[in-house]
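Heads up: the structure comes next, in structure tokens.
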Amino acid sequence: MQHLYLFSRPTDREDQQLRALLSETIGATPKTSITDTPQGRLYSYPTERSVSETELRRELLTRLIPWGRATHSAFYLPSTSATAEITHVAFDLDGTLTTTELLPELARLSGRSEEM
């Protein structure tokens, strides 16, 4: 089973577009039971194609990136080996996130602010 996290609540039209895109690309319809959260929506779909996961992800991303740009939607397509739950999402609007904001915050959270 493969998952696609959409970091927004899609309109009915966007939901239909995304389901059609996934169906055309993978040859299977996403499960009808999708999970809605305050942060977005989770789509799950079977991965029973004879191509490798890498090839399938490449095909999906080739189609999903233009769709995401057109609908202003952010998404995450984890590999099936990714088992950790998404707990934080960060956006870097000014190019300083990693060096001046994220690393000091991670150091603080791990109790190593002094070493930073």
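The values are calculated or read from the model by the stated rules, or taken from the named source; none is laboratory data. Because the structure is a prediction, the values reported are computed rather than measured. Because the Cβ atoms are built from the backbone with ideal geometry, glycine has one as well, and the counts that use them run over all protein chains shown.
Pairing residues of the range 54-82 that are in a helix (DSSP H, G or I) with residues that are aromatic (Phe, Trp, Tyr), at Cβ distances under 7 Å and at least 6 apart in sequence or on separate chains, gives LEU64/PHE75; GLY68/PHE75.
Only one of the numbered conditions (1) in a helix (DSSP H, G or I); (2) under 24 Å from SER8 (Cα atoms); (3) at pLDDT below 85 is not met by ALA90, and that is (1).
Of the residues making up the range 37-69, those that are among the polar types (S, T, N, Q) and surrounded by 13 or more Cβ atoms within 10 Å (Cβ to Cβ) are GLN39, SER44, THR47.
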